[in-house]
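No lab work stands behind these numbers, since they all come straight from the coordinates. Source: prediction; values computed, not measured. Methodologically, a virtual Cβ is constructed for each residue, glycine included, from the backbone with ideal geometry; neighbour enumeration extends over all protein chains shown.
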Amino acid sequence: MIPVRDDLRALEGYHSPQVDVRVRLNTNESPLPPPAAWRDAFAAELSRIEWHRYPDRQATELREAIGAMHGVPADMVFAANGSNEVLQTILLAYAGFGRTVATFEPTYQMHAQIARVVGSTVVEGERNADFTLDPAEMRRVVDAARPHVVFLTSPNNPTGLVEPAERVVELLDIAPGLVVADEAYAQFADWSALSLLDEQRPLVVTRTFSKTWSMAAVRLGYVVGPTWFISELDKVALPYHLDVAKQIAGRLALRFTDEMDDRVRLIVSERERISDAMRSLPIDVTPSGANFVLFRPQTIGGRALWAELLERSILVRDCSGWPRLADCLRVTVGTPAENDEFVAALQEILR
Ligand SMILES: *Cc1c(COP(=O)(O)O)cnc(C)c1O
């Protein structure tokens, strides 16, 4: 065997078990497929593709469409294969060997994971016991580590908590480097850091088609940021990294914002319904601004509850073994019928 890079030896991969179950509520996907009209429009455009040609390297039309949706020009948008690849591209350009990346834990594991894979030093700040972020801790981490990149996830994953706007503004005031707001779930929340974007500010906002847009299978995400930042990403990305079908899929999806908004409204109301149902049981529930809810049973271990649910063919995310999340599980909001099954199972197990 050939030894891998020394700094990779201690790293483990990212695991999210794909088990065959009736009710799948573990990966924060949309429970509903994209609109049928999107499928038809996509099929029609696919039939006209010149398959022997490379795709548009700049993904111009897609970037224009995304920019138009957010009221910014195309040169403030960079798209890639899922927002994970967007994050990787950002970290390749702004972090990497000899540079430092800060996170506030618990948060999305891929931030630290990708940062380490590209060779950066990761500094982990700590959230309060209720998963909110203390401004003093934020200042402590920034002053001590002087990070080149600092992440805030809002709504945060796996907690669901929305970061208040003033926290992002405070961070921008003190951060010496880039501030990345990961907004994979922003449509489910009541504010977005997009409103803070400014050519003079080192703030960038990442989004994905995987969750709200019902397009996890497509693997498409993007970042909106100042033009000086976007042009650096264009240097790092591989040539033609976005295939032609994906460019079309994303551009067409944006014609269906009304349908997307309808799905978001349904999921938000279902989120509140299952949160209330869980609060009427011996369960601690973290208030969520996303399409999932983090919860902790009071009378049985988290792992035991996860297993009981799985026995009923209901799969939720087992966070109980993750640092700082003892006994916690995370449930993705499903269809009303799936949520009924989930709540009924909880009532049966916990009563
Ligand atoms: C799901 C998720 C992503 C990754 O999305 P992809 O676009 O599917 O790669 C990024 N950030 C957070 C916080 C997520 O939960």
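Could you please state, rounded to a whole Å, how far the C-alpha centre of segment 147-216 is from the C-alpha centre of segment 246-260?
22
Please report L281, L46 as a ranked list, fewest other C-beta atoms within 10 angstrom at the top and most at the bottom.
L46, L281
Can you give me the long-range amide H partners of E163? Hydrogens built in the peptide plane at 1.01 Å from N, cutoff under 5 Å, separation of 5 or more residues or another chain.
N156
Can you tell me, using C-alpha contacts under 8 Å and at least 6 residues apart, the relative contact order of segment 118-175 as a whole percent?
It comes to 31 percent, rounded to a whole number.
According to the square roots a ≥ b ≥ c of the eigenvalues of the Cα gyration tensor, what is the shape class of the chain, taking rounded for a/c under 1.5, prolate for a/b larger than b/c otherwise, and oblate for the remainder?
Here the chain falls in the oblate category.
Could you work out the relative contact order of the chain, using alpha carbon pairs under 8 angstrom and six or more residues apart, expressed as a whole percent?
22
Just rank W213, W191, W38, fewest to most, by other beta-carbon atoms within 10 angstrom.
W191, W38, W213
Starting at the first residue of segment 18-31, write each ³J(HN,Hα) from the Karplus equation 6.51 cos²θ - 1.76 cosθ + 1.60 with θ = phi - 60°, in whole Hz, x for Gly and Pro.
Result, ordered by residue: 9, 9, 7, 9, 6, 10, 9, 10, 10, 10, 6, 6, 6, x Hz.
Can you put K246, K211, K235 in order of Cβ neighbours within 10 angstrom, beginning with the fewest?
Neighbour counts put them in this order, fewest first: K235, K246, K211.
What translational diffusion coefficient, in µm²/s and rounded to a whole number, does the Stokes-Einstein relation yield for segment 47-255 at 25 °C and a viscosity of 0.890 mPa s, taking the hydrodynamic radius as the Kirkwood radius over Cα pairs?
Using the Kirkwood radius from Cα pairs, D works out to 142 µm²/s.
Could you work out the relative contact order of segment 293-339, using alpha carbon pairs under 8 angstrom and six or more residues apart, expressed as a whole percent?
Contact order relative to length: 40 percent.
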